[in-house]
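Have a look at the structure below, then the notes.
The values are calculated or read from the model by the stated rules, or taken from the named source; none is laboratory data. Just so you know, these numbers come straight off a predicted model, no measurement behind them. FYI the Cβ positions are ideal-geometry reconstructions off the backbone, even for glycines, and counts take in every protein chain you see. Calculation scope for accessible area: heavy atoms of the full protein, side chains included, ligands and nucleic acids excluded. Shrake-Rupley method; radii C 1.70, N 1.55, O 1.52, S 1.80 Å.
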Amino acid sequence: MLLSRYDPDELLETKVEKRGDLTYYNYVLETPFALTGSHNLAKATAKGNTVILFVVSANEKQWQANQKTLKAMLDSFEV
């Protein structure tokens, strides 16, 4: 099992938004030592007894070329 620790310096932005009956929690993280890439966007919500998490990760090269697209993907996530 891979365990990771939370470093508050890596959290760049948070946003909470209400869409219909659901509350969505958005996070922008810069994680220089992550295996998945140094740029991570996440959106989470809960419906019933289920938590749904959508994550977009990119390395520096991918981020520079696709930042707008990756953010649009995250923004489009809705249950």
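Observations on the model:
- Single unsatisfied condition, E10 versus (1) surrounded by fewer than 13 Cβ atoms within 10 Å (Cβ to Cβ); (2) modelled with pLDDT under 90: (1)
- Hits in region 13-30 (condition: open to solvent by 80 Å² or more (accessible area, probe 1.4 Å), in a strand (DSSP E or B) and among the charged types (D, E, K, R)): E13, K15, K18, E30
- When region 40-77 is filtered for residues that are open to solvent by 60 Å² or more (accessible area, probe 1.4 Å) and either in a loop (DSSP other than H, G, I, E, B) or touching a helix residue (DSSP H, G or I) at 6+ places or on another chain (Cβ under 6 Å) (or both), the ones remaining, listed by number, are G48, N49, N59.
- Number of the condition not met by F33 [criteria: (1) part of a strand (DSSP E or B); (2) modelled with pLDDT under 95; (3) open to solvent by 40 Å² or more (accessible area, probe 1.4 Å)]: (1)
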